[in-house]
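Derivation of every value follows stated rules applied to the coordinates shown; laboratory data play no part. This one's a predicted model, so the numbers in the text were calculated from it and none came from an experiment. Ideal geometry is used to build each Cβ from the backbone, glycine not excepted, and the neighbour counts take in all protein chains shown.
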Amino acid sequence: MSHSRITVSPEPMGGVPCIRGLRLPVATVVGMVADGMSREEMLEAIFNPTGAKGLLPRRWVVMGDGEMLDIIVKVPEKVLLAEKVDPATFARELPMLAAVKLYELGRLSSGRAAELAGMSRIEFLLSLERYKVFPLIGELQDLESGRARRRM
């Protein structure tokens, strides 16, 4: 069965069924309905996620403006206290931390990780030392796996 208001595509949400044009997972809407939310509450949560009511617990609202997405993440205040940072500083650093870890795990190329971090690829690679990540880990792993295959 096909629905004109639901789209499934590998980009931008990795194949997750979404409401067309909103990058809003269908599962999020179904969960809101299951939680008994009214239409007005759903619209408030989707289109004004930082409003007084906030987001539903453990849910992310993802809305895009074309190239970049806004993702709202609930962070316990104790995390900010442990990190000794204010929310604005933490919010600025979080994309870099995510970029570094995703690059380190091999889930993002250095170019895509740099995009996520909001800097050039060279700046990103040079900043990896601060996070104790080898700048060319992916390339090194490729070389090592090639060497191992040649030995076989």
Report task. Report the full-extension gain for the segment Tyr131 to Glu41: residue separation times 0.36 nm, less the Cα-Cα distance, to one decimal in nm. Result -> 28.3 nm
Query raised in the report: Mind ordering 93-106, 71-84, 24-37 by average Cβ neighbours within 10 Å, highest first?
Result: 93-106, 24-37, 71-84
Report summary line: Taking a crude spin-label model, label points 7 Å out from Cα along the C-beta direction, the Arg107 to Phe90 distance in nm is 2.0 nm
Query - Where labels lie 7 Å past Cα in the beta-carbon direction, separation of Ala34 and Ile72 in nm - result: 2.1 nm
**Report entry** Share of alpha-carbon pairs per 10 Å distance bin for segment 70-125, given as whole %
**Finding:** 24, 44, 29, 3
